[in-house]
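The values are calculated or read from the model by the stated rules, or taken from the named source; none is laboratory data. Keep in mind that this is a model prediction, so the values were computed, not measured. Here the Cβ positions follow ideal geometry from the backbone for every residue, glycine too, while neighbour counts run over all protein chains shown. The accessibility values were calculated without ligands, DNA or RNA, using every heavy atom of the protein model including side chains. Shrake-Rupley method; radii C 1.70, N 1.55, O 1.52, S 1.80 Å.
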Amino acid sequence: MDKFGSIWHKHPDKIRQNCLDKMQDDDILLLPGDLSWASKLEQAKQDLAFLAAIPGSKILLRGNHDYWWSTLNKMRNLAQAENWSSLYFMQNNAYLISQARADADRQISDKYPLIYASDTLLRANLAEQAAAIKEVERAKLNKHKFYLLIGCKGYLLKPEFNDQHDAELAYREFQRLTYSYEQGLLLLEMLKLVPSELELIGLSHYPPLLKTYQTSKYTQFYQELAAIFKQVHVLYGHLHGLGIKEAFTGEKANIKYSLVSADALSFAPLEVR
């Protein structure tokens, strides 16, 4: 990455040290894409091992340069084979996350944070589903905070389209976001949770808005969800260098937007509470 400027010099060391300084094993790191220059999954092992060694659980989303990204089963099988139990992958699914509050009694269960993937739990057997429901009930008693995580890679915003092909790709990605949300609703229903009890986090690689283009399908979609959930926070990447100046960061229509590309954050994780 050094060719993109001196700020990137030894950036892996900066990321590692900042995560060691700021994160604990019960934290969750959300990573919205552009994680490895590898072109095949096998070639990405070194970079995935680097992420697996960072404290806490990591939920990964695909970026436009993640050519190594494969099927969910292949990535999960690799993570299992390499004992990367802290790596989770977001692809046409949703996650239910529960974390202890700072003042919570943490003696009730030592299984926190809870992280449930919709595609895994919705297909689980009845015994596994029942155990998950009980664990969520215990988390409620323990006053834990719940999040629903949905997301997609996203695509260029409409003013950036060059042709019909761009429009089709953008439509496909938006459909993936709505499918992720549908999966999330099924997960909440199964776990006997209602949206008003949770905060929603939307994860995107491409920005859903810019300073110069603040209304898109994505912002309209999240505005609808802002009326349902306690809070909506959208995290996105993709913008680097001079592009960071184009990012919209802040609150709009009761939704919080944050640019979390590495150089925008000086290679340190942004705390989301």
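Side notes on the structure shown:
- On the beta carbon distance between VAL272 and ASP163, with R0 = 30 Å, the FRET formula returns roughly 0.25.
- The calculated FRET efficiency for LYS143 paired with TYR179, based on their beta-carbon distance and R0 = 25 Å, is about 0.20.
- Quotient of C-alpha Rg and 2.2 N^0.38 Å, computed over the chain: 0.99
- Residue (of LEU96, ILE15, PRO159) at the positive-pole extreme of the chain, dipole from beta-carbon charges: LEU96
- For ILE54, net neighbour charge (Lys/Arg +1, Asp/Glu -1) across residues whose Cβ lies under 14 Å away: -2
- Rounded to 0.05, the FRET efficiency of the SER196 and ASN83 pair, given R0 = 30 Å and the Cβ-Cβ distance, is 0.20.
- In this simple spin-label model, placing a label point 7 Å from the Cα along the Cα-to-Cβ direction at both LYS40 and THR249 gives a separation of 3.8 nm.
- Å² of accessible area per residue within the chain, as computed with a 1.4 Å probe and no ligands counted: 52
- Site pair ASP47 and HIS9 shows an inter-label distance of 2.3 nm when each label is modelled 7 Å from Cα along Cα→Cβ.
- Cβ-placed point charges (K, R +1; D, E -1), dipole of region 1-50 about Cα centre in debye, nearest 20: 260
- Most mobile listed residue (LEU198, LEU259, LEU126) in the chain, GNM with C-alpha springs under 10 Å: LEU126
- Under 13 Å, Cβ to Cβ, from THR215 - net charge with Lys/Arg +1 and Asp/Glu -1: +4
- In terms of packing, defined here as the mean over residues of other Cβ atoms within 10 angstrom, the peptides 150-161, 62-73 line up highest first as 150-161, 62-73.
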